[in-house]
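S.K.: Please read through the structure below; I'll follow up with questions.
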Amino acid sequence: MPTDAAHPGPLKVLVLGAALRAGSTNARLASLVARVITRTTSADVDLASLRDFDMPLYDGDLETAGGPPDGALALRGRLEESDAFVISSPEYNASVPGVLKNAIDWVSRIRPQPFKTKHALLVSASPSMVGGNRGLWALRVPLEHLGTRVYPDMFSLARAHQAFTDDGRLTDNGLQQRLEETVHGFLRLVEADTRYVCLQRRWYEFLGDSTEAPVTQRAED
């Protein structure tokens, strides 16, 4: 076996804070996730903010005239360099923030689009009692449509404006432990899928599909 296959190096994980406001609780949650990964695993973390990727509202005429904006190209590049990504997203009106959906729409237009077969973990922070969970369920839809393997477990931090200590941890030790367990479980799955080359990837549109069944054409291509 080649050396690079036997020792592929650490996982690379993009952690994206999906709020534009600098003091956002989702920016704090993204930073906490990045610290958990750095302190407790050997993975390399690329911590980013959606503020780093400026792009206009998606417009087919703009795309035809000039192609994807620089912000979309930059985000696509960071995704391609990663083995997996984490999104810490606010919840706006029980759904996905428009700025995040807009970024996904722009990046999905670039070929090959980078969401296909990437693993993703979704987390959220909100002052509400549901912690942004409704927005995460809505966020799963476009990502899974594009071929992303969204981790089944999600983490939603309720009453987030009161949930952080001065050093950036969670005030509730039980929630801190649950977050760490969720992150570690996610990374174990990514490790197994990206490092164990003996595993063969298969995807089925329906539970009854056989291994020879054609895969339905989707936007993930």
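S.K.: If amide H atoms are built 1.01 Å from N in the plane of the peptide, which residues on other chains or at least 5 residues away come under 5 Å of the amide H of Val86?
M.R.: Leu14, Val15, Leu16, Leu121
S.K.: So how exposed is Leu175, as accessible area in Å² (1.4 Å probe, rounded to 10)?
M.R.: 60
S.K.: Give the longest segment of the chain that steers clear of GluC sites (Glu not before Pro) in DSSP loops with at most 13 neighbouring Cβ atoms within 10 Å, not counting the sites themselves.
M.R.: Excluding the exposed sites themselves, the longest stretch runs over 82-204.
S.K.: Hey, another quick one. Would you indicate which of (i) 17.8, 55; (ii) 16.7, 52; (iii) 18.5, 64 is the value of Rg and Dmax of the Cα atoms in Å derived from the coordinates of this structure?
M.R.: (i)
S.K.: The chain: longest stretch without exposed trypsin sites (Lys or Arg not before Pro) (DSSP loop, at most 10 other Cβ within 10 Å), sites themselves excluded?
M.R.: So the longest stretch without any such site is 1-200.
The values are calculated or read from the model by the stated rules, or taken from the named source; none is laboratory data. All values reported here derive from a predicted model rather than from experimental measurement. Every residue, glycine as well, gets a Cβ built from its backbone with ideal geometry; the counts of neighbours run over all protein chains shown. When the accessible area is computed, the model is the full protein with side chains, heavy atoms only, and any ligands, DNA or RNA have been set aside. Shrake-Rupley method; radii C 1.70, N 1.55, O 1.52, S 1.80 Å.
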